[in-house]
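Before any comments, here is the structure.
Please treat every number below as a calculation from the coordinates, not as lab data. All values reported here derive from a predicted model rather than from experimental measurement. Reconstructed Cβ throughout: ideal geometry from the backbone, glycine too, with neighbour counts over all protein chains shown.
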């Protein structure tokens with residue numbers, strides 16, 4: 001299955017607002033995986049260790065992958081903080097993103113509905129300051145070919161977005177390319193066609 005491109009954060013975001021005397025501080029960061037998302041959350045919790053609530057949500061990968069989603073209400077009433085934050089992140093269509101909202105209580109209770117609006121709304125406002133970049137999925141392909149075909153193969157690859165090309169020489173040429181994934185099926189098809197199927201590929205499962 002070919003993975004499509006998606007938006008990711010290009011900058012970090014700091015945003016804050018006061019709602020009924022409670023201060024909501026939002027930090028948004030680019031986090032390409034769950035490990036980096038967790039590390040970012042830990043950093044913010046440490047920075048605001050005096051706050052009672054450091055609620056968070058992340059989409060630590062492609063925005064369509066439900067296996068990389070996470071959230072926490074961090075002692076706010078169940079369903080009033082983390083989930084509304086996650087809903088905003090998922091709705092934005094941005095991947096590899098984590099938001100942490102720190103709340104300093106101002107003495108006025110917001111109620112469950114008010115908390116949902118405050119946490120979701122503050123993240124939504126913070127996203128207005130987010131600069132996005134396009135993430136184009138890449139793929140690694142291994143091939144084995146005859147020496148006589150290597151020049152032709154590299155000529156074919158020159159017309160595609162090849163990010164790296166590594167070669168090893170023995171009885172045959174073993175090579176590894178990293179390229180834009182959406183172009184890979186056409187490149188492989190062209191190589192097979194023009195070498196009469198004489199190239200052996202280690203075909204990625206994604207294709």
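Figures for the structure shown
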quantity: Residue 169/residue 193 FRET efficiency (R0 35 Å; Cβ-Cβ; nearest 0.05); calculated: 0.90
quantity: Angle between the chain longest axis and helix 82-92 axis [Cα atoms, degrees, rounded to 10]; calculated: 50
quantity: Rough spin-label spacing in nm, given labels placed 7 Å along Cα→Cβ, for residue 46 and residue 16; calculated: 2.1
quantity: Per-peptide average of other Cβ atoms within 10 Å, ordering 80-87, 28-35 highest first; calculated: 80-87, 28-35
quantity: For the range 136-154 and the range 25-64, distance of Cα centres in Å; calculated: 40
quantity: Extension gain from residue 75 to residue 161, taking 0.36 nm per residue of separation minus the Cα-Cα distance; calculated: 26.2 nm
quantity: Inter-probe distance in nm under a simple model that places probes 7 Å from Cα toward Cβ, at residue 201 and residue 33; calculated: 2.6
quantity: Length-normalised contact order of the range 6-134 in % [C-alpha pairs under 8 Å, at least 6 apart]; calculated: 38
